[in-house]
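The values are calculated or read from the model by the stated rules, or taken from the named source; none is laboratory data. Predicted model only: the values in this text are computed from it and were never measured. Cβ sites come from the backbone with ideal geometry, for glycine too, and all protein chains shown count toward neighbours.
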Amino acid sequence: MVSPIKQKLTIQDFYAFIAKPEHTTTIFELVGGEAIEVPSNPYVSKIAGWILTALNLFLREHDLGHVTGADGRYIVNGDVYAPDVAYISYARQPELAKQGFNPNPPDLAVEVISDPKNAQEQATLRRKIVNYLSAGTVVWVVDIISETVEVYDGIQQAQVYGSDDTLNGGEWLPGFVLVIKDIFPKKNT
């Protein structure tokens, strides 16, 4: 038996897909021509919220660009991604898109893994990392179980940072630092 070949969606097809009434309350991404539901949970949202807050507080003092949450979707080499947190500099895009998807990929994409044991989520994430890197985006992958952050910058092999380590903003956010343990809730003792 031959299985039918799934037709890849274009960005226009994807717009139509997410506009359907049954899809309006769910966030989807377009990954390799497929509409994929973005996994999430309240805990992941909380972790992403801490990172978003830290970036916004930094940018309040150093007005360098825009920060968006999971609702801010970006076109990345023909795909559409909804990073949990993203940053794009004014130099690359002075104004964010007010409709549709942001036409430029972010400078930084933060992806918080909802379920590190979910093979499908991991496979999709790895495809996105490759695409982000080819677009020049730095990627922070946050693992909520191990409380680590993998940093992919396209220059060197991914670096893994633990709870006592500090992330920095590099050339795109000079002076920004974030202690990893500060993005995870304090453990009740």
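Selection within the range 48-83: residues that are assigned to a helix (DSSP H, G or I) and under 12 Å from the mean Cα position of the chain (by Cα). The member of this set that is surrounded by the most Cβ atoms within 10 Å (Cβ to Cβ) is I51.
Picking from residues in the range 15-41 that are touching a residue at least 60 places away in the same chain (Cβ under 8 Å) and assigned to a loop (DSSP other than H, G, I, E, B), the one that is nearest to Q122 (Cα to Cα) is P39. Got at least one residue in the range 122-137 being closer than 16 Å to L55 by Cα and either of a type in the set (G, A, S) or within 13 Å of the chain's Cα centre (by Cα) (or both)? Checking the range 122-137: not a single residue is closer than 16 Å to L55 by Cα and either of a type in the set (G, A, S) or within 13 Å of the chain's Cα centre (by Cα) (or both). Count of the range 73-117 residues, restricted to those that are in contact (Cβ under 8 Å) with a residue 12 or more places away in the chain, out of contact with any strand residue (DSSP E or B) (no Cβ under 6 Å at 6 or more places or on another chain) and small (G, A, S), is 4.
Residues A35, A91, A54, A97: which one is of a type outside the set (S, T, N, Q) and within 17 Å of V141 (Cα to Cα)? Steps first, answer last, please.
Details: A35 fails: within 17 Å of V141 (Cα to Cα); A91 fails: within 17 Å of V141 (Cα to Cα); A97 fails: within 17 Å of V141 (Cα to Cα).
Within the list A35, A91, A54, A97, the selection yields A54.
Which condition breaks for I129 when tested against (1) within 17 Å of S40 (Cα to Cα); (2) of a type in the set (A, V, I, L, M, F, W, C); (3) without any contact (Cβ under 8 Å) to a residue 40 or more places away in the chain? Only one criterion is unmet by I129, namely (1).
With respect to the conditions (1) touching a strand residue (DSSP E or B) at 6+ places or on another chain (Cβ under 9 Å); (2) surrounded by fewer than 19 Cβ atoms within 10 Å (Cβ to Cβ), K128 falls short on a single one, namely (2). Under the condition of being among the aromatic types (F, W, Y) and more than 25 Å from R127 (Cβ to Cβ), the residues counted in the range 42-60 number 2. Of the residues making up the range 140-189, those that are of a type in the set (F, W, Y) and either assigned to a loop (DSSP other than H, G, I, E, B) or modelled with pLDDT under 95 (or both) number 3. Of all residues in the range 99-115, those satisfying the criterion of being surrounded by fewer than 13 Cβ atoms within 10 Å (Cβ to Cβ) and either modelled with pLDDT under 95 or closer than 23 Å to E150 by Cα (or both) are Q99, G100.
What about G136, is it over 22 Å from I36 (Cα atoms), surrounded by fewer than 17 Cβ atoms within 10 Å (Cβ to Cβ), touching a helix residue (DSSP H, G or I) at 6+ places or on another chain (Cβ under 9 Å) and not hydroxyl-bearing (S, T, Y)? Judged against the criteria, G136 is not a match.
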